[in-house]
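The values are calculated or read from the model by the stated rules, or taken from the named source; none is laboratory data. As the structure is a prediction and not an experimental result, all values here were calculated from the model. Neighbour counts run over all protein chains shown; Cβ positions are idealised from the backbone, glycine included. Side chains included, ligands, DNA and RNA excluded: accessible areas come from the protein's heavy atoms. Shrake-Rupley method; radii C 1.70, N 1.55, O 1.52, S 1.80 Å.
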Amino acid sequence: MAKEEKILLEIKNLRKYFPVKGIKGPGVQAVQDVSFFIHKGETLGLVGESGCGKTTLGRTILRLYEPTGGSIIYDGTPIYENPLGPEGTPLGKAKSVNMLPYRRKMQIIFQDPSASLDPRMTVGEIIGEAIDIHKLAASKADRADRIKELLKKVGLNTEHANRYPHEFSGGQQQRVGIARALAVKPEFIVCDEPISALDVSIQSQVVNMLEDMQHELGLTYLFIAHDLSVVRHISNRIGVMYLGSLVELGESYELNRHPIHPYTQTLLSAVPVPDPKLSRTRQRIVLEGDIPSPMNPPSGCRFHTRCPYATEKCKMETPVFKEHEPGHWAACHLLDK
Amino acid sequence: MSEQNTEKKLLEVKDLRVSFFTPAGEVKAVGGISYDLNYGEVMGVVGESGSGKSQEAYSIMGLLQSPGKVIGGSITFEGQDVLAFSKEEMTSFRGSKVAMIFQNPMTCLNPVYTIGNQLVEALRAHDKTISKADAEKRAMEMMEMVGINNVEKRMKQYPHEFSGGMRQRVMIAMGLICHPQLLIADEPTTALDVTIQAQILELMKEIQKKTKMGIIFITHNLGVVADICDKVSVMYAGKIVEQGPVDDIFYEPAHPYTMGLLRSMPRVDAESYERLIPIEGTPVDMLNPPEGCPFAPRCEKCMKICLKKMPPYVEVGPNHRSACWLRVQEQMNKEEN
Ligand SMILES: Nc1ncnc2c1ncn2[C@@H]1O[C@H](COP(=O)(O)OP(=O)(O)OP(=O)(O)O)[C@@H](O)[C@H]1O
Ligand SMILES: Nc1ncnc2c1ncn2[C@@H]1O[C@H](COP(=O)(O)OP(=O)(O)OP(=O)(O)O)[C@@H](O)[C@H]1O
Ligand code: SF4
Ligand code: SF4
Ligand SMILES: [Mg+2]
Ligand SMILES: [Mg+2]
C-alpha cells in the first residue's frame, strides 16, 4: 500500500445538519465538526454504528450534500470554506468553487449495486454515459475502446457491455459500479459500504480488485464499512465515528491493538471473531442503552450517556480531538491528564 | 456451549428436498439435506446467498411459499413426523414448540397492533392460563432483556415507530417469550450493529443455557458462528457440503468451499497487511446447476470425476463429514494401506 506524504484531501470542522420541517433548531446534527486529512494514495477507513454519519460525511465531502460549515480542501484548493466562529456557529457566507472539474476527480461507489445502476441501460451505456459527461473520449472508437478496457480492468468480459444490470450477480454489478467510477479517471473515491451486500466469497474478490486499482492508478480512498476486519485490512488509517463526531483516528493495526477511546474499545470488543477458541476466552464490553438521536444529541461528550467512565465534566464540556501519540488522535477527557 | 443434555435428539432431518416449480424450470432449492439437532445444541448454517438456508428453515415451520414444495425426505421433531401434521397441528406446533426469527422483521409484525399487544398475544396463545397482567409483565421483562429502553412507553407503540434494529429486537423477544424448544433464527443479527449484536448473542446464550432449547442459527457471519454455535452445516447450492463440530470446521475444514471461505476473510490475528485469497468465480445459477459437485466450477482442486458425479459423504472425524471426492480418495487410499 504505497503512500506518498502529500495531502490530497483535508477537511476542517466539517459540519452537516439536515433541517427538519416544522421544528426549530439545527435539525439532525448528522456530522459534527469533523477534521482529518487523507494522503495521496492512501486509504482512510471510516467505521461506526448505523446512523453515526458515515454516508453523510462521505457525500458532504463530495458536495453531493451542501455542507453546513467548516472547510474542504482538495489538492491544495479550498472547494468549500465556511469557518466556524468561537461560538461554534459558521461565520458567514460560504465560499465555494465551480465543482465541475472536481466532480470528475472525486467519485463514489455505492453500497447497493443493483439500486445504483439504471436497469434500462446496458452496462456499456452506463459506463459510456460517465465518459460522455466529462467528454473524455476523442471519438466513437476511442469511447468503445475505453469501455472495453474498463470492463477488463474490473474482471468482466468485453461482451458484457451489451447486457443489462439484472443479468449480473451482485458481485458483478458492483464491478460495473466500480468501472463506472473509474471511467472518468478519478483521483479520489468514496467507497460507501462497497462490499456489504455481497457474499463473503465475493467480498474478497472486490476488495482485492479495489486494492489493485489503487496501486495501478494511484487512487485515494475513503472506505466506509461496518465490517471492522475488512476495514483494518484495506485501510492505512481508520477513523471511528460516534453520533456525528470523529472520536478516534489512528494507523489501522495500531488502532486495533491499542484503541484509546472508550467507544472504540467497546466497538472492537463487540466484533465477533471467526475463531471459536479465541471467542470463548474474549471479554466483551457490553454497552447499556441505545444510540441517542442526532436531533437531540447529548451535551458535552456525545458518548457520555453510554460511556462506562463518564464524569460530570463529560456532560458539560466537549472533549477536544487531539493527537495523543504520533499519528493517534482521539477526543476524550480521560486522555487529557 | 453446553455440555449438559446434548445427547437427546430434538430434531432429525433426513434427505429433505425442496423444489420451486417456476415457468423457467425446477429450482432444486434444497437438494437432499440431513442433520440431527439435540436439546441444548446450537447449529450454525452458513453458505452463499441462495444456497437454500431459508427455504430449509421454512420447511420445518411449514411456511414454504408456493411455488415451493417439499418433494422428499422427512422432518422428525421429538419423534413426531412434522411433514404429516394437519393444519391445526402445524399451527399449534408453531405456537408452542418452535419459533422463528425472520430475516426481515417487518413481514411478521402486524402494523395495526401495538408492539405490547403482539407480544402479549403471542404469549397468551401459547399459555392459555396466564393472566393479562402477568403476560404484560413478562412482555416488558422480555423487551428489557433485548435491550429496549422505556418499555412502558414502547409497549404502546406501533411497529413503524421502531427503528429497524429495534424491530429486529422485538422479533427476537417474540421468538423467545414462549420458551420454544426449537428456535430457528434466520440472520437475526445481520441488520444490527455489532454492539447490539453482542447484546443479543449474550442474551440468546443465557436463555439457551436455562431452557435447553435447540437453536438453528442461519448466518453469513463466521464470527457469529464461532461465538454461538456448537456445530456447523456449510451449505452450497442446496446441499450440505460439510458438517461438523464448530472447532473442526474452523481448524480442520475438510471441504474446499469451507477452506475457501475461511481463507478469504482477513485473519483476526493479522499483525500487518496480508493479501486476501478469494474464491474465484461466481455463485451457482440454481436454474442450471452444474452436474456433479456444485462447487466444481470454482474449485481449484476439481478433478474429472467432480464434473460428473456428486461426491458422497465421508466421515473425516467424529460427527464430521464432508462431501468431496478428495476425501473419498483419501479414504480409499487409507483402506488400501
Ligand atoms: N437526507 C437526509 N435528511 C435528513 N436526515 C438524514 C438524511 N440523511 C441522513 N440523515 C440522518 O443523518 C444521520 C446520519 O445518517 P447516515 O446515513 O450518514 O449514517 P451512516 O453512518 O451512513 O449509517 P449506516 O451505517 O446505517 O449507513 C442519521 O440520523 C440519518 O437519519
Ligand atoms: N419464489 C421462488 N421462486 C423460485 N425460486 C425461489 C423462490 N424463492 C426461493 N427460490 C430459490 O430457492 C433458493 C434458495 O433460497 P433461500 O432463500 O433458501 O436462500 P438463502 O440461502 O436463505 O439465501 P440468503 O442468504 O440470500 O438469504 C434460491 O436459489 C432461490 O433461487
Ligand atoms: S469524554 Fe468522558 S464520556 Fe466521553 S468518552 Fe471520554 S470518559 Fe467517556
Ligand atoms: S468434489 Fe471435486 S470439485 Fe467438489 S469440492 Fe471436492 S475437489 Fe472440489
Ligand atoms: Mg451509510
Ligand atoms: Mg435467507
Unmet requirement for A:Gly53, which otherwise passes all of (1) within 16 Å of ligand 5 (Cβ to nearest atom); (2) of a type outside the set (D, E, K, R); (3) in contact with an Asp or Glu (Cβ under 9 Å, 6 or more places away or on another chain): (3)
Checklist (1) within 24 Å of the chain's Cα centre (by Cα); (2) surrounded by fewer than 17 Cβ atoms within 10 Å (Cβ to Cβ); (3) farther than 27 Å from A:Val273 by Cα; (4) not β-branched (Val, Ile, Thr) applied to B:Glu291, failing item: (1)
Given (1) open to solvent by 10 Å² or more (accessible area, probe 1.4 Å); (2) out of contact with any Lys or Arg (no Cβ under 6 Å at 6 or more places or on another chain); (3) not charged (D, E, K, R), number of the condition A:Ile79 does not satisfy: (1)
Scope the range A:287-306; condition within 12 Å of chain B (Cβ to nearest Cβ), within 26 Å of A:Lys24 (Cβ to Cβ) and open to solvent by 40 Å² or more (accessible area, probe 1.4 Å); matching residues: A:Asp290, A:Ile291, A:Ser293, A:Thr305
Odd one out for B:Gly281 among (1) within 13 Å of chain A (Cβ to nearest Cβ); (2) open to solvent by 70 Å² or more (accessible area, probe 1.4 Å): (2)
Enumerated strands (runs of 3 or more DSSP E) restricted to the range B:19-84, each holding at least 2 residues that are over 20 Å from B:Val246 (Cα atoms): B:25-38, B:68-77
Looking only at the range A:226-281, and only at residues there that are over 30 Å from A:Met295 (Cα atoms) and β-branched (Val, Ile, Thr), the one that is farthest from the other protein chains (Cβ to nearest Cβ): A:Thr281
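Please pick out the residue among B:Arg298, B:Arg275 that is surrounded by 19 or more Cβ atoms within 10 Å (Cβ to Cβ), basic (Lys, Arg) and within 11 Å of another protein chain (Cβ to nearest Cβ). Spell out the reasoning first.
Numbers: B:Arg275 fails: surrounded by 19 or more Cβ atoms within 10 Å (Cβ to Cβ).
Only one candidate qualifies: B:Arg298.
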Test: B:Ile249 is touching a strand residue (DSSP E or B) at 6+ places or on another chain (Cβ under 8 Å), hydrophobic (A, V, I, L, M, F, W, C) and more than 9 Å from ligand 4 (Cβ to nearest atom): yes
Helices (runs of 4 or more DSSP H) fully within the range A:114-193 counting 3 or more residues that are among the basic types (Lys, Arg) and open to solvent by 50 Å² or more (accessible area, probe 1.4 Å): A:140-153
Strands (runs of 3 or more DSSP E) completely within the range A:1-56 that count 2 or more residues being more than 16 Å from ligand 1 (Cβ to nearest atom) and away from chain B (no Cβ under 14 Å): A:7-18, A:28-39
Residues of the range A:263-275 satisfying the condition of being open to solvent by less than 20 Å² (accessible area, probe 1.4 Å) and more than 23 Å from B:Ile148 (Cβ to Cβ): A:Thr264, A:Val273
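A quick yes/no check of all residues on (1) of a type outside the set (A, V, I, L, M); (2) surrounded by 22 or more Cβ atoms within 10 Å (Cβ to Cβ):
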position: A:Leu246; (1), (2): no, yes
position: A:Gly250; (1), (2): yes, yes
position: A:Asn256; (1), (2): yes, no
position: A:Lys277; (1), (2): yes, no
position: A:Arg282; (1), (2): yes, no
position: A:Ile285; (1), (2): no, no
position: A:Pro308; (1), (2): yes, no
position: A:Leu334; (1), (2): no, no
Unmet requirement for A:Asp212, which otherwise passes all of (1) in contact (Cβ under 8 Å) with a residue 12 or more places away in the chain; (2) more than 9 Å from chain B (Cβ to nearest Cβ); (3) away from ligand 6 (no atom under 16 Å from the Cβ); (4) within 30 Å of A:Gln172 (Cα to Cα): (1)
Helices (runs of 4 or more DSSP H) wholly inside the range B:131-221 containing at least 1 residues that are without any contact (Cβ under 8 Å) to a residue 12 or more places away in the chain and away from chain A (no Cβ under 14 Å): B:132-145, B:194-211
Number of the condition not met by B:Lys239 [criteria: (1) within 14 Å of ligand 4 (Cβ to nearest atom); (2) in contact with a Phe, Trp or Tyr (Cβ under 7 Å, 6 or more places away or on another chain)]: (2)
Out of A:Lys40, A:Lys95, A:Lys12, A:Lys6, sole residue that is loosely packed, with under 15 Cβ neighbours inside 10 Å and either in contact (Cβ under 8 Å) with a residue 24 or more places away in the chain or hydrophobic (A, V, I, L, M, F, W, C) (or both): A:Lys6
Subset of the range B:250-267 that is in a loop (DSSP other than H, G, I, E, B) and either more than 16 Å from A:Gln203 (Cβ to Cβ) or in contact (Cβ under 8 Å) with a residue 60 or more places away in the chain (or both) - its residue that is farthest from the other protein chains (Cβ to nearest Cβ): B:Ala254
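Condition check ((1) under 25 Å from B:Cys302 (Cα atoms); (2) more than 16 Å from ligand 5 (Cβ to nearest atom); (3) in contact with a helix residue (DSSP H, G or I) (Cβ under 6 Å, 6 or more places away or on another chain); (4) open to solvent by 30 Å² or more (accessible area, probe 1.4 Å)) across all residues:
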{"position": "B:Val224", "(1), (2), (3), (4)": "no, yes, no, no"}
{"position": "B:Val234", "(1), (2), (3), (4)": "yes, yes, yes, no"}
{"position": "B:Gly238", "(1), (2), (3), (4)": "yes, yes, no, no"}
{"position": "B:Val241", "(1), (2), (3), (4)": "yes, yes, yes, no"}
{"position": "B:Pro245", "(1), (2), (3), (4)": "no, yes, no, yes"}
{"position": "B:Tyr251", "(1), (2), (3), (4)": "yes, yes, no, yes"}
{"position": "B:His255", "(1), (2), (3), (4)": "yes, yes, no, no"}
{"position": "B:Thr258", "(1), (2), (3), (4)": "yes, yes, no, no"}
{"position": "B:Leu262", "(1), (2), (3), (4)": "yes, yes, no, yes"}
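At pLDDT 95 or above, within 30 Å of B:Glu274 (Cα to Cα), open to solvent by less than 50 Å² (accessible area, probe 1.4 Å) and touching a strand residue (DSSP E or B) at 6+ places or on another chain (Cβ under 7 Å), is that true of A:Gly48?
Working: at pLDDT 95 or above: no; within 30 Å of B:Glu274 (Cα to Cα): yes; open to solvent by less than 50 Å² (accessible area, probe 1.4 Å): yes; touching a strand residue (DSSP E or B) at 6+ places or on another chain (Cβ under 7 Å): yes.
Taking the combined requirement at face value, the residue does not satisfy it.
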Failed item in (1) in contact with a helix residue (DSSP H, G or I) (Cβ under 8 Å, 6 or more places away or on another chain); (2) surrounded by fewer than 22 Cβ atoms within 10 Å (Cβ to Cβ); (3) over 27 Å from A:Ile133 (Cβ atoms), with A:Val34 passing the rest: (2)
